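Please read the structure below before turning to the comments.
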Amino acid sequence: MNVQLLSPENKTIELQCIPVFNGNEYMVRAFDERTIHFFDTLAKKILAHPGINRLPEMVALAFWIRKANLNSIKEENNYLFKQTHVQLSPLGKIFHVCPANVDTMFVYSLAVSVLMGNKNVLRISERMDAPQIQIVFQLLNELLVQPEFELFQSYINLISYGHNDSISSYLSQKSNARIIWGGDATINTFRDFKPAPRTRDIIFADRVSAAVIDCNYFNGINESDKDFFAKKFFNDAYTFDQKGCSSPQTVYFIGDKIAFDNCLYQLAGRLSEISKGKYETDISSLASLKLNQMVDDTLADIITEKVGDNYSTFALLDKDNIDKNLHSCGGGYFYAKQLLNIGELKEMISVKMQTITYCGLNENQLEALKEMAQGEGIDRIVPIGEALNFHYIWDGYNLLESLSRKVFIK
Amino acid sequence: MLSEILNIEQYALSKAEKQPMLLDLLLQRHQWHYAQSEAYRHIHQVVFDDRLMMDSISDLPFIPVSSFKNHELKSIPDEEVLKVLTSSGTTGQAVSKIYLNKETAQLQSLALSKIISHVMGKTRLPMLIIDSKAVFSNKQSYSARGAGILGLSVFGKDHTYVLDEHFEFDEEVLSAFLEKYNGQPIFIFGFTFMVWLYLFQAKTNKQYDLSKATLIHSGGWKKLTEMAVDNATFRKALQDKFGLTHIYNFYGMIEQIGSVFLENSEGYLHCPNFADVIIRNPIDFSVQPHGEPGLVQVVSALPQSYPGHSLLTEDIGVVMGEDDASNGWQGKYFKIIGRAKKAELRGCSDTFKSR
């Protein structure tokens, strides 16, 4: 069985021969100086790449893997390293199944995994052709051949192969943990590939996210602050065509009808203006996609009204709609609902709710929101503009803990 | 009124004559569908703000063509359905379903004959069909392809299909037909790419003279574009090989069968009296001025059994002029320059799409 190796170098290779399977020696410790140096060097290379400022998600990634940030992550997790009778060990070989479109996401989980001393094999979708990801591949490979980083050649293996059950089964059997991005369908597919009994599954299932805006707050701030929030919202929603799990699908507007209308029109107008300059997805396709979605939603009795244009489209939810997990066609098609107070949001929280981004909530409203997270739904509550910011605490996991083994010693 | 606009010579109405007549007919259709189709009414209310004032054709709501795939859109009771037309989608793809009653079916064949007779005359000619009889295998429901052939068959006699029941090309049938009618007026019809494959590229033993033949073809350029064949190449190749010059491409969709847009002498698609196009700005669906590209909306006075009188296609086109075509035809003419990419936006939940 052959696979295409993309990193540490580009070549076709026998599956059993990929470097991850070379021996069982784990040379680097958790937060090893050499690992931190490796990622810090990668960060510098990314930031020095021509035209990188046009790819904000790459800039964000680079900042995340800088030495300063990695050290502060270590600091925040000091309690893990300082427990009496506990020594942290790598978990072993980690098999990552990477998402096809949300390009940079898997690099974060890869970084966390290497930081904890694990060896990694990543299945990259054959359809992943985004330029940003090609940059990552190229820079990784440039680094891995340098003598000081050669040691990581068996720690970072990126491979690609078509739908091949034998390969997926083999990798599932041989790994100590699987990180499965890609939602319910992918997870169900991989559940059919039996892992070894002790293999841990870290899964990122289908999620839905929402934004909450206090209309009176938004209507009250000055024009440049409104622009500022609209830009933040734009980044959350449009960066991955509104298809990132953390990108808002529904926007809840807190306020009375007048405040709601005012806020909605101002936000829709601003988003359209920003999109005209910055959003590159083909507008004819968006127009077509959204009109179809709107007809479908209308005939399913989900929506009652349309606001905005084909760059920023808001579909007002029917008051009787009970579907808490609505996903739109993406590309800036938002469901919108007016709430009189934050308490009314409770009814819309489902077990699939991942991220709630907020704008203009006061302390009491935030408290109420935190209270709603005491249950089965909501994994993140972050200010507007931070929806896509990766954190090592994700979907309810502390990945640092999930990707290590605690050895009890007395 | 509808019979009037059908019976007046096609391509004879100027903008000032056509617009009020067509608007009036379309408003009648709108009111009919609004009353008869709950789905149409609902779409108008939610997506088009239940707009009441409609002073021009561009004020009508438009239904995206894909809606006919996902929803049963009709304005007649089930017992009135005469037949259901389906688009020829590949296996697994959703197909459009168009519900016809007797009235609409008759209107459509009448309309089609008005357009075709305009360029073909009224004499029935020997007809060569670059397709297979097998497209009619199901009587209750047949594809747009079958409907097209059936609609045009009335203009021909000695109907000859060059593909057999298994859609295999039969070269002997082709040669025999061309031999029999060599140099005489004949009518050839087929899908654009099939005409290319089975007429132009067929290896016949002999050179045939098609200078008196008329070719009408349709179906889009996607497959030929992949082979780097455009309309000019297509026309020149057929002229060089057979002396064939009477070539008419047409643009039309299953959702508005009968309302076809025939190529005029400049190679642009021309609106008949009872149909029109409006080019929509993709940002806000406002009407584009002539010369500006956008999504193509097609309107037709014919559809009564289903709400297909005003549709938004996924094609991108440009209006090239109105009432000033060089062959003297009145009405708007346009060209298709592309298609909105149907690519669905991909997300996190898409790493391992099952086969």
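The values are calculated or read from the model by the stated rules, or taken from the named source; none is laboratory data. All figures in this text were calculated on a predicted structure; none of them were measured in a lab. Here the Cβ is made from the backbone with ideal geometry for all residues, glycine too, and neighbour counts use every protein chain on show.
Exactly one residue among A:A210, A:A205, A:A237, A:A196 is within 23 Å of the chain's Cα centre (by Cα) and away from chain B (no Cβ under 14 Å), and that residue is A:A210.
For residues in segment B:239-267 being among the polar types (S, T, N, Q) and at pLDDT below 85, which is nearest to the chain's Cα centre (by Cα)?
Step one: list which residues in segment B:239-267 are among the polar types (S, T, N, Q), which gives B:239, B:245, B:249, B:256, B:259, B:264-265.
With at pLDDT below 85 added as a condition, the list becomes B:256, B:265.
On the way: B:Q256: 7, B:S265: 18 Å.
Looking at residues that are among the polar types (S, T, N, Q) and at pLDDT below 85, I get B:Q256.
Among strands (runs of 3 or more DSSP E) entirely within segment B:280-355, having at least 1 residues that are modelled with pLDDT under 90 and of a type in the set (G, A, S) singles out B:332-339.
The number of residues in segment A:107-134 that are within 12 Å of chain B (Cβ to nearest Cβ) and not hydroxyl-bearing (S, T, Y) comes to 8. Inclusion of A:S246 among residues that are modelled with pLDDT under 95 and at negative phi is warranted. Selection over segment A:4-26 of residues that are more than 16 Å from A:P90 (Cβ to Cβ) and either within 27 Å of the chain's Cα centre (by Cα) or surrounded by fewer than 15 Cβ atoms within 10 Å (Cβ to Cβ) (or both) gives a count of 12. Within the span defined as segment B:251-267, one or more residues are of a type in the set (D, E, K, R) and assigned to a strand (DSSP E or B). Take the conditions (1) over 30 Å from B:E72 (Cβ atoms); (2) away from every other protein chain (no Cβ under 13 Å); (3) within 23 Å of the chain's Cα centre (by Cα); A:K324 misses just one of them, which is (1). Which is on the phi > 0 side of the Ramachandran plot, in a loop (DSSP other than H, G, I, E, B) and of a type outside the set (A, V, I, L, M), of A:G377, A:G385? Testing whether each residue is on the phi > 0 side of the Ramachandran plot, in a loop (DSSP other than H, G, I, E, B) and of a type outside the set (A, V, I, L, M) leaves just A:G385.
Just checking, how many residues over segment B:158-185 are surrounded by fewer than 17 Cβ atoms within 10 Å (Cβ to Cβ) and either basic (K, R) or assigned to a loop (DSSP other than H, G, I, E, B) (or both)? Adding up the residues that qualify gives 11.
So which helices (runs of 4 or more DSSP H) stay within segment B:12-118 end to end and still have 1 or more residues that are more than 14 Å from chain A (Cβ to nearest Cβ) and surrounded by 15 or more Cβ atoms within 10 Å (Cβ to Cβ)? Answer list for segment B:12-118: B:15-36.
Just one of B:P293, B:P282, B:P289 is buried (at least 22 other Cβ atoms within 10 Å of the Cβ) and not assigned by TED's automatic domain parsing to the domain that holds B:K114; which is it? Can you show your working first?
Working: B:P293 fails: buried (at least 22 other Cβ atoms within 10 Å of the Cβ); B:P289 fails: buried (at least 22 other Cβ atoms within 10 Å of the Cβ).
None of the other options fit; the residue is B:P282.
Considering the conditions (1) within 17 Å of B:T86 (Cβ to Cβ); (2) crowded, with 21+ Cβ neighbours inside 10 Å, B:F155 is excluded by exactly one of them, (1). Set side by side, the residues A:S175, A:S209 differ, and just one is more than 30 Å from A:V382 (Cα to Cα), buried (at least 22 other Cβ atoms within 10 Å of the Cβ) and not hydrophobic (A, V, I, L, M, F, W, C), which is A:S175. Whether any residue in segment A:276-298 is more than 10 Å from every other protein chain (Cβ to nearest Cβ), touching a helix residue (DSSP H, G or I) at 6+ places or on another chain (Cβ under 8 Å), touching a residue at least 60 places away in the same chain (Cβ under 8 Å) and surrounded by 17 or more Cβ atoms within 10 Å (Cβ to Cβ) is what I want to check. So far as segment A:276-298 goes, no, none of its residues is more than 10 Å from every other protein chain (Cβ to nearest Cβ), touching a helix residue (DSSP H, G or I) at 6+ places or on another chain (Cβ under 8 Å), touching a residue at least 60 places away in the same chain (Cβ under 8 Å) and surrounded by 17 or more Cβ atoms within 10 Å (Cβ to Cβ).
Looking at A:G92, is it modelled with pLDDT under 90 and over 22 Å from the mean Cα position of the chain (by Cα)? No: the conditions fail for A:G92. Out of A:N325, A:N364, A:N389, one residue alone is closer than 28 Å to A:L110 by Cα and among the polar types (S, T, N, Q). It is A:N389. Residues that are in a loop (DSSP other than H, G, I, E, B) and within 16 Å of the chain's Cα centre (by Cα) within segment A:112-124 comprise just one, A:I124.
Residues being aliphatic (A, V, I, L, M) and more than 22 Å from the chain's Cα centre (by Cα): count how many of those fall in segment A:125-158.
Narrowing segment A:125-158 to residues aliphatic (A, V, I, L, M): A:128, A:130, A:133, A:135-136, A:139-140, A:143-145, A:151, A:156, A:158.
Now drop any that are not more than 22 Å from the chain's Cα centre (by Cα), which leaves A:143-145, A:151.
Number of matching residues: 4.
Considering segment A:161-193, and only residues there that are more than 9 Å from every other protein chain (Cβ to nearest Cβ), assigned to a loop (DSSP other than H, G, I, E, B) and without any contact (Cβ under 8 Å) to a residue 60 or more places away in the chain, the residue that is nearest to A:G92 (Cα to Cα) turns out to be A:F193.
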